[in-house]
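Asks: After the structure tokens below, expect a handful of questions from me.
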Amino acid sequence: VIRLVSVSPDGKIRWYGNDGTNPDGTPTVPQLGSIFSGASAVVGEQYVYATGDIGGILAVAAYTKDTGRMEWVADLSPSAVASNLVLTPVLYEGKLYVAGLNESKTRDFWRIDAEAGDIDWGPSTIVEVGVGAVHQMTLVPDAFGDGQHGLYFNGESGGPNDGIPDVYAVKILSDGAELAWSAEGGKVARSHLVYSLETNTLYAHTWNDYGG
């Protein structure tokens with residue numbers, strides 16, 4: 001059972017994600033699916049966002065930061081969720097960028113209004129993805145031009161220089177997403193690319209199995 005929980009710095013539970021209050025004053029605590037996605041919560045100014053599933057279909061929910069009340073749920077059908085294979089959404093300028101699974105390793109991308117939960121566009125399906133990936137995506141604003149942000153993630157193909165890229169760059173357009181480029185990138189347990197504004201370079205922390 002997947003739920004969102006807020007915990008204070010001293011280890012006390014503030015709230016469970018909930019969808020209101022029962023007659024006895026206790027909050028109802030809905031589950032956000034039953035598949036462990038591997039994605040992290042995303043904290044915005046007004047809401048906390050969590051990734052889950054509705055019967056195996058990708059879903060994203062927004063919870064108020066003060067009480068944990070669930071404000072909206074976006075059903076991102078037909079994108080799927082698989083255990084430990086979901087990338088954490090990215091929040092930028094009031095928009096959530098979300099990645100789901102299509103067939104095999106193929107990825108769907110969505111843009112959602114972070115306040116209302118309305119879907120701006122999606123799914124934009126990118127069939128060229130050849131690896132599984134979990135954990136974080138990295139967003140670089142205006143990487144490909146004004147308003148054309150870059151979304152980057154990495155995974156692991158199973159071998160060095162095997163013709164299957166490990167790093168993927170997704171170009172965000174006004175009405176969808178498309179693959180910008182892909183590259184070899186070493187062996188990683190989870191996606192985590194670090195961007196340097198000074199050098200305009202992405203850095204990947206990798207295992208040394210592939211000689212990196």
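Asks: Taking only the C-alpha atoms, wrap a convex hull around segment 78-141 and report its volume per residue in Å³ as a whole number.
Replies: On the way: hull volume 5.9 nm³, N = 64.
Looking at segment 78-141, the number lands at 92 Å³ per residue.
Asks: Here's another thing I want to ask about it. For segment 19-111, take every pair of Cα atoms, bin their distances at 10 Å starting from 0, and report each bin as a whole percent.
Replies: With a bin width of 10 Å, the distribution comes to 16, 48, 27, 7, 1.
Asks: Amide H to amide H under 5 Å from SER37: which residues, 5+ apart in sequence or cross-chain, H placed 1.01 Å off N in plane?
Replies: When sequence neighbours closer than 5 places are left aside, the close amide H contacts are ASN84.
Asks: Tell me, what HN-Hα J-couplings in whole Hz come from the Karplus equation 6.51 cos²θ - 1.76 cosθ + 1.60 at θ = phi - 60° for each residue of segment 158-166, using x for Gly and Pro?
Replies: Whole-Hz 3J(HN,Hα) from phi for segment 158-166: x, x, x, 6, 9, x, 10, x, 10.
Asks: Also, quick follow-up: For segment 78-120, what does the relative contact order come out to in percent, with C-alpha contacts under 8 Å and a separation of six or more?
Replies: The value is 31 percent.
Asks: Something else: Roll a 1.4 Å probe over the protein chains and send me the accessible area per residue for the chain in Å².
Replies: 49
Asks: With a 1.4 Å probe and every protein chain kept in, tell me what percent of the accessible surface of the chain is carbon plus sulfur.
Replies: So the carbon and sulfur contribution to the accessible surface is 48 percent.
Asks: Under a Cβ-only charge scheme (Lys and Arg +1, Asp and Glu -1), can you give me the dipole magnitude of segment 88-212 about the Cα centre, in debye to the nearest 20?
Replies: Result for segment 88-212 is approximately 320 debye, rounded to the nearest 20.
Asks: For ALA116 and THR199, what does the FRET efficiency come to when R0 = 45 Å and r is the distance between their Cβ atoms, rounded to the nearest 0.05?
Replies: The formula returns an efficiency of 0.75 here.
Asks: Here's another thing I want to ask about it. Place +1 on the Cβ of every Lys and Arg and -1 on the Cβ of every Asp and Glu in the chain, take the dipole about the Cα centre, and give the residue among ILE172, LEU197, VAL48 whose Cα lies farthest towards its positive end.
Replies: VAL48
Asks: Against the globular-protein guess of 2.2 N^0.38 Å, express the Cα radius of gyration of segment 33-72 as a ratio, rounded to two decimals.
Replies: Details: Rg = 10.4 Å, N = 40, 2.2 N^0.38 = 8.9 Å.
Normalised Rg, Cα atoms only: 1.16.
Asks: Here is a follow-up. Any chance you could list P(r) for segment 97-212, counting all Cα-Cα pairs in 10 angstrom bins from zero, rounded to whole %?
Replies: In whole percents, the pair-distance histogram is 14, 45, 32, 8, 1.
Asks: For the chain, what is the relative contact order in percent, using Cα pairs closer than 8 Å and at least 6 residues apart in sequence?
Replies: Values: 549 pairs, mean separation 25.3, N = 212.
The normalised contact order for the chain reaches 12 percent.
Asks: A follow-up question, please. Could you give me D for the chain, from Stokes-Einstein at 20 °C and 1.002 mPa s, where the hydrodynamic radius is the Kirkwood radius over C-alpha pairs? Units µm² s⁻¹, please.
Replies: Using the Kirkwood radius from Cα pairs, D works out to 120 µm²/s.
Asks: Report ³J(HN,Hα) in whole Hz for each residue of segment 134-140, in order, from the Karplus equation J = 6.51 cos²θ - 1.76 cosθ + 1.60 where θ = phi - 60°; Gly and Pro get x.
Replies: Using θ = phi - 60°, the values come out as 9, 4, 10, 10, 10, 9, 10 Hz.
Asks: Related question: I'd like to know which of GLY132, TRP181, ILE119 lies farthest towards the positive end of the charge dipole of segment 111-200, counting +1 on Cβ of Lys and Arg and -1 on Cβ of Asp and Glu.
Replies: GLY132
Asks: Restricting to lysine pairs 8 or more places apart or on different chains, what number in the chain have Cα atoms under 22 Å apart?
Replies: Pairs that pass both the separation and distance tests number 5.
Asks: Assign unit charges at the C-beta atoms only (+1 for Lys and Arg, -1 for Asp and Glu), then state the dipole size of the chain relative to its Cα centre in Debye, rounded to the nearest 20.
Replies: 580
Asks: Ok, one more. Which distance in Å, rounded to a whole number, links the C-alpha centroids of segment 1-71 and segment 86-139?
Replies: 19
The values are calculated or read from the model by the stated rules, or taken from the named source; none is laboratory data. Here the structure is a predicted model, which is why all the values come from computation and not from measurement. Cβ: placed from backbone, ideal geometry, glycine included. Neighbour counts: every protein chain shown. These accessible areas exclude ligands, DNA and RNA; they are computed on the full protein's heavy atoms, side chains included. Shrake-Rupley method; radii C 1.70, N 1.55, O 1.52, S 1.80 Å.
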